Structure formats: C-alpha cells, structure tokens
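**Student:** Once you've had a glance at the structure underneath, I'll fire off some questions.
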Amino acid sequence: MDHFLYRNGELHAEEVRVADIVAAVGTPLYIYSTATLTRHYRVFDEALSGMPHLIAYAVKANGNLAVLKTLGDLGAGMDVVSEGEFRRALAAGVPGGRVVFSGVGKTADEIAFALAHNVRQLNVESFEELELVSRVAVANNAVAPVALRVNPDVDAKTHAKIATGKSENKFGIPISRAREAYARAKSLPGIEAMGVDVHIGSQLTDLAPFESAFRKVAELTRLLREDGHDIRRIDLGGGLGIPYRQANEAPPLPFDYGALVKRTVGDLGCEIEIEPGRLIAGNAGILVSEVIYRKQGEGREFLVLDAAMNDLIRPAMYDAWHDIVPLKEPAPGVEKAEVDVVGPICETGDTFARARPLPPLGPGDLVAFRSAGAYGAVMSSEYNGRRLVPEVLVNGDQFAVVRARPSFEEMLARDTIPAWTA
Ligand code: LLP
C-alpha cells in the first residue's frame, strides 16, 4: 500500500498534487512519501511484536538523510555497508548503537570508524575479516561485537544478480564451516561473537527460501550454544519483495514473514534483527518524468522521456518492470496502445519498457514510474553529462526538496584541469 493515488483525476503524493511539485522542481525528479515510509516501518514492527527486535533499515535502498531521519525518529536502526552509509546514519541522528555494519569488503579504516562510533554489530563475512577485525579492535583497545554471516546455500529464487545465499555467491561463511569460524572467533582477542547473521537475497516473492534459511540458522544457533557460545542475536537480513506490477503481483506480506520468523527462530530467546530496504522504501517513491517526443519508428512507437537509465537503472540492469502511469488519470475506457518507453541516453539499454500498453501520451505530458523509492536515486549517475536527479519528500500537505538538482556549474566545478595542459 502506498500514498500515490489519483484524486480529482490527478496523481497526488499524499495530499500534494504531483504536478505542483513538478512546477516547483522540474523533471525528472523523485518524490517520496513520509506516510508510506512510516506505514511500512510500522507494519514490520507489528509483524515482529512479541519478540525483542530491531528493524535495521538497509540504507543502500535509499540513503537520503531525510528518509533516514524519518525512519530513525520512529526507532529504526540502520544496516550500513560502508563508512559513507555509516556517516549518513549518524548525520540523520541514528547513534552507532543502532547501526549494524554489513558487507563483504570492510576495510581496516571502516572497521576502526565503526568501533570508534560504538557500532552495535559488525556482520563478519569471512575468516579473513575476523582476523582483521581482531587486529583493529586490539589496536584501538576495543571489543568488537560480532555476528558471523553464514551462507546457508539456499536458492532465493530471485534475479541472479541479487541472489546472495547460494554457496557460489561471494557472501558469508559456508554454513558447514560456521562452528569452526565461531571457535576461531572465540580464540581471537578483541572479538565478542554474539550473533548469527544471514541474508539470502533481494526481491524474494516466496517465503519458502526464507523458511529453509531461518531453519538452518536456528539449528546452527543450538549447536553453537552447545559449543559454549553465548548467541544472543539473530540477524535475518532483508529481502522481502514488493509488488512492482500492481495489477497481478502479490508477494508475501510482512505479517506472514513475521509469523515465519516466530515459528522458525522465535523459541531461541534471541533478539531478532532484520534489514529490510526495498519493502520500506520501494513503494514509498515515484520517479516523475516528462515526455519529450512521441517518435514514430519502423513498426513501433517510442515515447522518449527526459528521465533515463542514469536516473533509474533497474530496467536496464535487471530487466525490472516498473508500472508507468500518467499524472492525469485516463478517462475510463480510454484505448491503450503499445509503446516503447525510452530515455535520451545513447544506448539501446536505455529502455524502461517495451511494448507497454499506455493511454495516449505526447510531448509535455507527465508520467510517474511507481515503486521507485528503493534502488532508484541511490543508483543514479551523471552518465551522458546529465545532472543528478533531485529528490523531494512529501508529508501530508507539505513537500520539501531534500536533495536539490545540482547546477551545471557545480557539476563542472568538481573536475580540475592540471597545470601542464596550459
Ligand atoms: N541486508 C543485506 C546484507 C543486503 O545485501 C541487502 C540488499 C539488504 C539487507 C536489503 O535487501 P532488501 O530488503 O532491500 O531486499 N539494486 C538491486 C537490489 C540489491 C540488493 C542488495 N542487497 C535492485 O535494484 O533490485
């Protein structure tokens, strides 16, 4: 459920007419809804009620400070994967004690930064990383709170580029070697291994892979306790999928996911952590764009937009589907025609949709890509000399620009020309 609905024939973000935001900010632009972010956080919170838990929002999905502040104020923790994301969480007022640091390639500097800011937990992904964490902790007179990320060898049944829980993936310690890894952790100075962590992939639309992974984690936790390890936390990662096609997709609900968590790991008396990104931010955002041309091709028509793959890369990168809706609600019964929706970038991959049935649209018309709040603006670039897309947050009847569109001057000022070229 989200808060981007037609009212009086026009698309609104909560109580604000999207066209009014476009008039103030221009296109392309991202718009996020506070009410939707809040609702999704609360839905998870309720789904896990009855178990001590922390919802550590995955900052990678949408790291805008205004989004982080909105979630942090509700009590969310943050799952970060770099010093940059850690600094974002801190800048949004989330203390290190609510920050979980994940990622397969943490550097010594990043580990030291995390320890200096009293990180809640480092999710360690390899024997090699364990050694480094120990060295950095000792050098800084710290004890690192650690969960080991295990790779359960479970097929998440999602897009290959975002599946992480199979043994051939680079992530985690093979679950078969987990007891050995905990024994190693115990023998190392500066490490307190108190958690088990797992994350099997993103955009999962079936609960079964979660169930196999969580059962394996529960079994491992029992074994580790028998081995004498004081396991107090279980981090189940993120990954719950969202409906990208409103018409015909119904991924599992957070409530059912919560029930599964209770059923599989609820009896262990551990504090539960989850790291949802997409489910919190995905349907809380849209990307708005203007049609530049309706171009007649050989046997097909192209709708050329002012948004491109550099603003929203998911269709080009994962063949992802995003619903595209006009800002003006089409009259009932209006005929749809199939068009290819493309951006202006000089690559054929700059295609948002092929043969998409859309109502009649032409130059100057505005459209919105739905479900663009996660892995949208964060993955944008300046490819083809395009300015980074701005971001707006709506709250009820108010809106604020939470990242302005840079000027061309600002963009050019970042480069320097060496003196020898004179
Ligand atoms: N925790 C870890 C360790 C992760 O690697 C991820 C996502 C998450 C949590 C959050 O997963 P979520 O709840 O958002 O599914 N750019 C891709 C998605 C990449 C996901 C990477 N890891 C996309 O646009 O589909």
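Rule-based calculations on the coordinates, nothing more; no lab input. The structure presented is a predicted model; accordingly, all values stated were derived computationally and were not measured. All Cβ positions, even for glycine, are placed from backbone atoms using ideal geometry, and neighbour counts span all protein chains on display.
**Student:** For residue 139 and residue 249, calculate 0.36 nm times their separation in residues minus their Cα-Cα distance, and state this gained length in nm to one decimal.
**Tutor:** Working it through step by step, the gained length comes to 34.5 nm.
**Student:** Eigenvalues of the Cα gyration tensor times 5, then square-rooted: what semi-axes does that give for the chain, in whole angstrom, largest first?
**Tutor:** Numbers: eigenvalues 325, 121, 78 Å².
Its equivalent ellipsoid spans semi-axes of 40, 25, 20 Å.
**Student:** Among 49, 167, rank each residue by its count of other Cβ atoms within 10 Å, from fewest to most, as a rough exposure measure. Don't jump to the answer; show the numbers that get you there.
**Tutor:** Details: 49 10, 167 13.
Lowest to highest Cβ neighbour count: 49, 167.
**Student:** Mind listing the long-range amide H neighbours of residue 54? Cut-off is under 5 Å, sequence gap 5 or more, other chains count too, H placed in the peptide plane at 1.01 Å from N.
**Tutor:** Under 5 Å from the amide H of residue 54 lie the amide H atoms of 272, 273, 274, each far enough along the sequence or on another chain.
**Student:** Using a 10 Å cut-off around each Cβ, can you sort 57, 293, 182, 32 from fewest to most neighbouring Cβ atoms?
**Tutor:** Lowest count first: 293, 182, 32, 57.
**Student:** At a 10 Å Cβ-Cβ cut-off, how would you order 175, 345, fewest neighbours first? Don't jump to the answer; show the numbers that get you there.
**Tutor:** Numbers: 175 22, 345 18.
Starting with the residue having the fewest Cβ neighbours, the order is 345, 175.
**Student:** If you average the C-alpha positions of segment 229-256 and of segment 32-78 separately, how far apart do those two centres end up, in angstrom?
**Tutor:** 13
**Student:** Using a/c under 1.5 as the rounded threshold, could you call segment 276-421 rounded, prolate or oblate? The axes a ≥ b ≥ c are square roots of the C-alpha gyration tensor eigenvalues, and prolate needs a/b larger than b/c, oblate otherwise. Walk me through the numbers before you get to the answer.
**Tutor:** On the way: a/c = 1.92, a/b = 1.34, b/c = 1.43.
Oblate is the answer for segment 276-421, as a/c is 1.5 or above yet b/c matches or exceeds a/b.
**Student:** Karplus couplings for segment 331-340 from phi (6.51 cos²θ - 1.76 cosθ + 1.60, θ = phi - 60°), rounded to Hz, Gly and Pro as x?
**Tutor:** 4, x, x, 5, 5, 9, 10, 7, 9, 8
**Student:** For every helix of n ≥ 4 consecutive DSSP H residues, a contribution of -39,500 (n - 2.57) applies; sum these over the chain, divide by its total residues, and give [θ] at 222 nm rounded to the nearest 500 deg cm²/dmol.
**Tutor:** Details: 12 runs with 118 residues, N = 422.
Estimated from H runs of four or more residues: -8000 deg cm²/dmol.
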